[in-house]
1. Applying the Karplus parametrisation 6.51 cos²θ - 1.76 cosθ + 1.60 with θ = phi - 60° to the phi angles of region 12-18, what ³J(HN,Hα) value in whole Hz is obtained for each residue in order, glycine and proline being reported as x?
2. Enumerate the amide H contacts of residue 7 below 5 Å, restricted to partners 5 or more residues apart or on another chain; note that Pro and chain-start residues carry no placed amide H.
3. Sequence-distant or interchain residues sharing an amide H contact under 5 Å with residue 14, placed H: which?
4. I'd like the Kirkwood hydrodynamic radius of region 7-139, using the inverse of the mean 1/r over distinct C-alpha pairs, in Å.
5. Which value in nm describes the separation of the simple spin-label points at residue 121 and residue 141, placed 7 Å from the Cα toward the beta carbon?
6. Near residue 135, within a Cβ-to-Cβ distance under 11 Å, what is the net charge of the other residues, with Lys and Arg +1 and Asp and Glu -1?
7. Highest mean first, how do 8-20, 126-138 rank when packing is the count of other Cβ atoms within 10 Å averaged over residues?
8. Out of residues 5 or more away from residue 39 or on other chains, whose amide H comes under 5 Å of its own, with H placed 1.01 Å from N in the peptide plane?
Amino acid sequence: MESSAPARVLVVAHRTAATPALLDAVSARAAAGPATFTLLVPRMAHGLHRFVDPEDADDSEAQEVLELALPLLEEAAGAPVEGKIGDPNPVDAIQDAVHLDGGYDEIIISTLPARVSKWLHINLPAKLTPLGLPITTVTAKSSRSRAAGRS
């Protein structure tokens, strides 16, 4: 009965990649219709500089996020979820994924609460509107994940 390809959903998260709010959003999106999901985790930028050379960014924290979050997201999606590590600047990471991977139909951004979210302070969702894709912003109540012993 499936007449078209499933929607490709780019999920962007870092500290909130395994939070109940994001897992619920992915589950709801999966229930709404056929979709494939890719989790994009921007590299961690060290230091106080707002713009960091990608060569100076560390993949290890992003890799840990993927290892923790992918099994939980796959359970929420009911299917395998691809994981990618991107540029430390979330705008660049998302633009690279959309332009280089191509074919994404929508974006889900998962952030910390507004009072502490760097992504909301830079108004990340608005900066992505030129991409022409529907954007859903999910705000976690905290950065605590569902995995026991991790935060």
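Read-outs throughout are calculated quantities, based only on the coordinates presented, and are distinct from any laboratory measurement. Keep in mind that what you see is a predicted model, and the values were worked out from it rather than measured. Every residue, glycine as well, gets a Cβ built from its backbone with ideal geometry; the counts of neighbours run over all protein chains shown.
1. 10, 7, 9, 5, 9, 5, 10
2. Residues meeting the criterion, in which the H sits 1.01 Å from N, are 35, 36.
3. none
4. Numbers: mean 1/r = 0.0680 Å⁻¹.
One decimal place: 14.7 Å for the Kirkwood radius.
5. So the two model labels end up 2.5 nm from each other.
6. Details: positive: 127; negative: 106.
Net of charged neighbours comes to 0.
7. Details: 8-20: 23.9, 126-138: 13.5.
Result, highest mean first: 8-20, 126-138.
8. 11, 82, 83, 84
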